[in-house]
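Everything below concerns the one structure shown next.
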Amino acid sequence: MKVLTQFRKSMRRDRQFGFMRSVEDLELDISHGAILYLENLCVSFDGFKVIDNLDFYLDAGELRCVIGPNGAGKTTLMDVITGRTRPDCGSAYFGMEIDLLRLSESEIAQVGIGRKFQQPTVFEHHRVYENLELAMAGNKRVFPTLFARLSGEQRDRIDEVLGIVGLEALAYRTAGALSHGQKQWLEIGMLLMQDPHLLLVDEPVTGMTHQEMDRTAELLTSLAGRHSLILVEHDMDFVRSIAERVTVLHQGRVLAEGPMDKIQQDPRVVEVYLGE
Ligand SMILES: Nc1ncnc2c1ncn2[C@@H]1O[C@H](COP(=O)(O)OP(=O)(O)O)[C@@H](O)[C@H]1O
Ligand SMILES: [Mg+2]
């Protein structure tokens with residue numbers, strides 16, 4: 001009984017819309033060119049500084065690669081941006097105005113920050129097309145959308161995303177039958193259904209074939225501009241193939257930042273990372 005009452009409460013339309021309106025009122029201000037401003041960030045776990053006075057800025061439309069040895073704080077950095085981990089100090093702004101530290105995880109998703117975790121989490125028993133449909137509802141638990149009629153505009157967006165991630169020919173295949181790489185692309189497609197301003201992608205090419213890696217590099221590069229992206233990656237060949245600005249994290253700090261060819265020759269970077 002209790003559960004049902006709670007369920008009904010959570011489904012009340014007036015509440016949902018009231019909630020959404022307040023977050024949607026927030027305007028993303030990128031008039032100064034940057035979409036993300038992280039300053040003096042600190043995160044400690046059990047007294048150990050995992051993020052140590054970190055400053056990080058991302059330009060609107062940029063694709064930034066973040067690399068660094070295991071334990072450097074890369075995933076924690078994404079956790080802070082998405083509200084999963086709260087920093088002990090510092091500030092995190094999305095555009096000039098949106099204070100991420102005052103928003104919940106779901107509010108952060110609503111203002112336009114999407115995250116792709118390492119393991120693909122697609123609905124294996126549903127077709128590719130249906131996965132995108134479900135993602136459009138904004139909430140993976142909202143299944144009724146499956147049975148609702150799609151508007152022409154919604155269908156167009158699904159077709160567009162199918163094209164972007166290169167899965168048109170597999171639209172009616174069950175997601176569980178896709179290769180590992182195809183599942184990763186589908187999940188990126190699911191994120192795109194929300195049309196996020198900023199996409200965070202954590203080690204997408206682990207377990208991919210070389211061909212799939214090349215295709216993923218193309219896909220992520222093609223998303224830059226319309227979206228801003230932060231790509232955390234361990235695979236140096238992959239980062240090299242993307243050839244965008246790189247930030248090297250080490251012990252929770254920015255060790256080096258710049259174009260890949262310069263980064264590769266930086267002796268400090270070679271010491272902590274490339275020579276690993
Ligand atoms: N929730 C947590 N509790 C305690 N320690 C954590 C937690 N998350 C990460 N760490 C530690 O923080 C450090 C940085 O981790 P992480 O951000 O995952 O690094 P990376 O993604 O660069 O490999 C590691 O030493 C890790 O063990
Ligand atoms: Mg990590």
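Per DSSP helix of 4 or more residues, -39500 (n - 2.57); summed, then divided by the residues of the chain. What does that give at 222 nm, rounded to the nearest 500?
Rounded to the nearest 500, the figure is -10500 deg cm²/dmol.
Close amide H partners of ASP59, meaning residues 5 or more places away or on another chain with modelled amide H under 5 Å apart, are ILE35. Unpaired Cys in the chain, meaning no second Cys C-beta under 4.7 Å: CYS65. Amide H contacts of ARG127: ALA175, each under 5 Å away and 5 or more positions distant or on a separate chain (H built 1.01 Å from N in the peptide plane; Pro and chain starts excluded). The amide H of VAL50, built 1.01 Å from its N in the peptide plane, has VAL43, SER44, PHE45 as neighbours under 5 Å, considering only residues 5 or more places off or on other chains.
Along region 220-236 the Karplus relation, 6.51 cos²θ - 1.76 cosθ + 1.60 evaluated at θ = phi - 60°, assigns HN-Hα couplings of 5, 4, 5, 7, 4, x, 5, 10, 9, 9, 10, 10, 8, 8, 9, 7, 5 Hz to successive residues, with x for each Gly and Pro. Between 0 and 90 degrees, the angle of helix 13-24 with respect to the longest Cα principal axis of the chain falls at about 30 degrees.
Answer rounded, prolate or oblate for region 34-168, using the Cα gyration tensor with square roots of eigenvalues a ≥ b ≥ c: rounded when a/c is under 1.5, else prolate when a/b is larger than b/c, else oblate.
Details: a/c = 2.20, a/b = 2.07, b/c = 1.06.
It comes out prolate by the Cα gyration axes.
Its Cα gyration tensor gives the chain an equivalent ellipsoid. The semi-axes, each the square root of 5 times an eigenvalue, are 32, 25, 17 Å from largest down.
Every read-out reported here was derived from the displayed coordinates using simple, explicitly stated rules and does not represent laboratory data. Values in this document were obtained by computation on a predicted structure and should not be read as measured data. Quick reminder, even Gly has a Cβ in these numbers, built from the backbone with ideal geometry, and neighbours come from all protein chains shown.
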